[in-house]
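Data block below; observations after.
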Amino acid sequence: MKVIFLDNDGVICLASNWGSRYKKQKKFYTYENPRSLQSEVPVHLRFDNFDRKAIKILNEILTQTGAEIVVSSDWRLSASLEELGEYYKEQGIIKKPIALTLTLGLCNTPSNFVWSKDYDLEQCRSLEIKQFLEDHKEITHWVAVDDLDMSERFGDFTGNYQWGLKNFVLTPRSYEGIKQCGIKEKIKNFLK
């Protein structure tokens, strides 16, 4: 099985889309319908919209490689797999995600792992992806796509656990994400 570990913000939900959920929510909340718990808000109002051109590129990658989506984005903390699947479909993505990565508290962290205050988000997400790979041996090809730099780190010469991912594509420009020149080809190369 081929898998794309997909972050949303900075990859398919670009900086120009950030805040669109607030515009949608403004129409939803009224005197008769006051603010409520996050889980009670319809899923299409919880999240910002995806970029149309980014969706087109993601759909091309999914079609050309046959890869499945596993959501590694923090969005997985605000919706179920089913809700995210419906949201992806509503936004125009041709495949619903098949799974969500576990949160760090449910992952095995090596005893010699050295945490860095500069890379704590990146370290957490890379460990969550590694746990998913460990739990799903049926995955033959994979790539993680994120705007957090989770590229492989080579340790500190003390034998401490190396972190980061070999099969990683960085989308460093939050206004371009997956649309950035060369990103599509890098993703497809990991899924050959």
Check: Per-residue HN-Hα couplings for the range 121-131, Karplus 6.51 cos²θ - 1.76 cosθ + 1.60 at θ = phi - 60°, whole Hz, x for Gly and Pro?
Finding: 5, 5, 5, 4, 5, 5, 5, 5, 5, 4, 5
Check: Arranged by the count of other C-beta atoms within 10 angstrom, fewest first, what order do Tyr88, Tyr175, Tyr119 take?
Finding: Tyr175, Tyr119, Tyr88
Check: Where does the charge balance sit around Lys2 when Lys and Arg score +1, Asp and Glu -1, over other residues with C-beta under 11 Å from its C-beta?
Finding: 0
Margin query: Given N residues in the range 80-192, what is its alpha carbon radius of gyration divided by 2.2 N^0.38 Å?
Written below: 1.16
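Count charges around Leu102 for me, please; just the other residues with Cβ under 9 Å from its Cβ, Lys/Arg as +1, Asp/Glu as -1. Could the numbers behind the result be given before it?
Details: positive: none; negative: Glu128, Asp135.
Once positives and negatives cancel, what remains is -2.
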Next item on the list: Please order Asp135, Asp51 by the number of other Cβ within 10 Å, starting at the fewest.
Entry: Asp135, Asp51
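Rule-based calculations on the coordinates, nothing more; no lab input. As the structure is a computational prediction, the values presented were derived from the model and not from experiment. Every residue, glycine as well, gets a Cβ built from its backbone with ideal geometry; the counts of neighbours run over all protein chains shown.
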